[in-house]
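The structure appears right after this line, and notes come after that.
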Amino acid sequence: MAHLGMTKIPAGITWTPLKMTCGCVIDWGWDSNKVPPPVFIQWCISTVGTNCPWHGGETGQAVPRPDHETIALTNPADGVSFYARKATGDDIALGERLAEELRQLMDKVTNDKLAVIKEIPLKYRKWLYANGYDPLEAWLDQRLTDIVLNRGVGSVPPEILEMMD
């Protein structure tokens, strides 16, 4: 169980906005010096289908904290913290888009892996096979990185991937 609390936010926190089930768009923060990227990605995947902390998160119990506060969710077992604040400005629309992309991707992975594999540019898919990589896993890692860590910006344009031999 995570503990909630207001805290001084360390410098160097990176933020990713996501729309939650309750309709709020939350900027989720993490410290890349303390938390490996795959851990934050998994956190985002697991939270996108829940309410925000102010509307009860996974517990259903609302948090009596002011909306303008940043809160820390800390796992007492390992000390890993993620931070939450209400998104503002352009991050609201971005959070809506990123949450939808994340939901769609995870739905495809769950229900139609072949559709995900077909999204991989053919030359890149062949290169992955030829070099001993699982194309589905590699593509999923890349897409999740682009959505969550790069805030929706593709790290490698599809045109470049098509040029691989």
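The values are calculated or read from the model by the stated rules, or taken from the named source; none is laboratory data. On a predicted model such as this, the values are computed, not experimentally measured, just so you know. All Cβ positions, even for glycine, are placed from backbone atoms using ideal geometry, and neighbour counts span all protein chains on display.
Points worth noting:
- Residues satisfying the stated conditions in region 113-141, i.e. within 19 Å of Pro38 (Cβ to Cβ) and of a type in the set (Phe, Trp, Tyr): Tyr133, Trp139
- In the condition set (1) of a type outside the set (A, V, I, L, M, F, W, C); (2) surrounded by 13 or more Cβ atoms within 10 Å (Cβ to Cβ); (3) in contact with a strand residue (DSSP E or B) (Cβ under 7 Å, 6 or more places away or on another chain); (4) modelled with pLDDT under 75, Asp67 is compliant with all but (2).
- Counting only helices (runs of 4 or more DSSP H) that sit completely within region 73-163, zero hold 2 or more residues that are closer than 18 Å to Thr14 by Cβ, in the same structural domain as Ser32 (by TED's automatic domain parsing) and modelled with pLDDT under 90.
- Note on region 73-107: residues that are free of Cβ contacts under 8 Å to residues at least 24 places away in the same chain and within 16 Å of the chain's Cα centre (by Cα) amount to 3.
- Qualifying residue in region 81-103 (condition: at positive phi and not β-branched (Val, Ile, Thr)): yes
- When region 10-34 is filtered for residues that are touching a residue at least 24 places away in the same chain (Cβ under 8 Å), surrounded by fewer than 18 Cβ atoms within 10 Å (Cβ to Cβ) and part of a loop (DSSP other than H, G, I, E, B), the ones remaining, listed by number, are Thr21, Cys22, Lys34.
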